[in-house]
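As structure tokens, the structure follows; a few thoughts come after it.
The values are calculated or read from the model by the stated rules, or taken from the named source; none is laboratory data. Note that this is a predicted model, so its numbers are computed, not measured. No Cβ is skipped: glycine too gets one built from the backbone with ideal geometry, and neighbour counts run over all protein chains shown. Accessible surface is based on the protein model in full, side chains and every heavy atom, while ligands, DNA and RNA are left aside. Shrake-Rupley method; radii C 1.70, N 1.55, O 1.52, S 1.80 Å.
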Amino acid sequence: MSGPQPRLPAFGLLPLDTTTEDVRAGRAGTAVLPIGSFEQHGPYLPLMTDTVIACAIAREVAAAYPVHCLPPVTVSCSHEHAAWPGTVSISAATLYAVVRDIAESLRRSGINNLVLINGHGGNYVLRNVVQESAGTGTRMALFPGPADWSAARDRAGVQTSSSTDMHAGEVETSILLHDHPELIRPGYETADCLADDREHLLTLGMRAYTETGVIGRPSLASADKGKELLAGLVDSFAEYLSLLSAPEFPAAAGYRPVPSGTAEPADAAEPRESAGAMRGTR
């Protein structure tokens with residue numbers, strides 16, 4: 001074929017013909033890094049589900065805000081899914097190092113803000129990467145947070161609770177039905193599997209709680225819900241960009257100094273599922 005060819009995006013995210021001059025012209029001070037996984041999502045959703053979702057969120061964010069999109073990290077911490085063929089993992093230490101190296105590289109090129117758009121709830125280490133970024137010269141944030149997912153779920157009318165909708169359920173299937181329906185195979189409509197009692201998931205892995213790899217109710221998914229989920233997350237991102245773009249970090253809304261001699265609120269009082277439900281699913 002002759003003549004110019006169409007710009008081919010990677011999951012609709014980064015045009016393959018992007019040059020350094022395109023980045024220079026954009027002058028974005030904040031980069032977004034989609035982080036997915038390569039793990040089983042039952043018989044009906046692809047191994048790349050988490051990466052596709054992280055990229056969809058990043059793409060919609062980039063369409064609404066002046067940010068610099070990076071290509072995705074496609075393999076992460078999926079050890080709890082090791083019982084199924086196709087799943088590939090790296091260690092938490094490796095993922096930590098990769099993200100820190102990317103942040104340092106961005107800083108050398110003049111981008112001092114980095115938002116990690118996490119698509120896999122098992123990437124617990126990303127919380128530590130962001131926590132430890134203070135004082136490094138890079139302002140970092142982890143997105144979406146539990147509150148962002150909660151607001152998006154309410155907006156979309158998601159029926160399954162965040163605890164029940166753990167993996168390949170209503171939320172993930174809805175986003176793919178909206179964003180990449182061609183990636184979903186028939187059968188998700190009858191693939192519901194409920195396993196709310198997963199107290200020893202990290203020790204036993206997913207196989208102890210599901211035969212198919214699904215935990216949730218994909219039968220309730222719809223493309224309309226997927227569209228509204230993404231729209232809700234885009235709205236939530238505004239607060240993150242405003243925070244990172246401020247000359248100095250503002251005091252947290254509602255913060256009051258703790259009087260001397262009184263106990264400070266404990267961070268450990270978070271809901272039990274919150275660490276494993278950064279986006280409501282794993």
For residue 128, work out the one condition from (1) without any contact (Cβ under 8 Å) to a residue 40 or more places away in the chain; (2) surrounded by fewer than 17 Cβ atoms within 10 Å (Cβ to Cβ); (3) under 28 Å from residue 211 (Cα atoms) it doesn't fulfil. (3)
Scan segment 49-91 for residues that are in a helix (DSSP H, G or I) and open to solvent by 40 Å² or more (accessible area, probe 1.4 Å) and jot them down. 59, 60, 63, 64, 79
Which condition does residue 224 not pass, out of (1) among the acidic types (Asp, Glu); (2) at pLDDT 95 or above; (3) farther than 20 Å from residue 49 by Cα, if it passes all the others? (3)
Result of the Cβ filter at 8 Å on segment 196-221, keeping first residues that are open to solvent by 60 Å² or more (accessible area, probe 1.4 Å) and partners that are in a helix (DSSP H, G or I) and charged (D, E, K, R), at least 6 apart or interchain, is 202/80; 217/170
List every residue pair whose Cβ atoms lie under 6 Å apart, where the two residues are 6 or more positions apart in sequence or sit on different chains, the first residue falls within segment 68-85 and is closer than 21 Å to residue 97 by Cβ, and the second residue, located anywhere, is assigned to a strand (DSSP E or B) and at pLDDT below 95. 71/14
Wholly within segment 131-234, which helices (runs of 4 or more DSSP H) include no fewer than the required count, namely at least 1 residues that are more than 25 Å from residue 34 (Cβ to Cβ), among the basic types (Lys, Arg) and over 18 Å from the mean Cα position of the chain (by Cα)? none
Quick check on my filter: what residues within segment 131-155 are surrounded by 20 or more Cβ atoms within 10 Å (Cβ to Cβ), farther than 20 Å from residue 169 by Cβ and of a type in the set (D, E, K, R)? 139
Would you pick out the residues in segment 23-65 that are within 15 Å of residue 106 (Cβ to Cβ) and modelled with pLDDT under 95? 23, 24, 26, 27, 28, 29
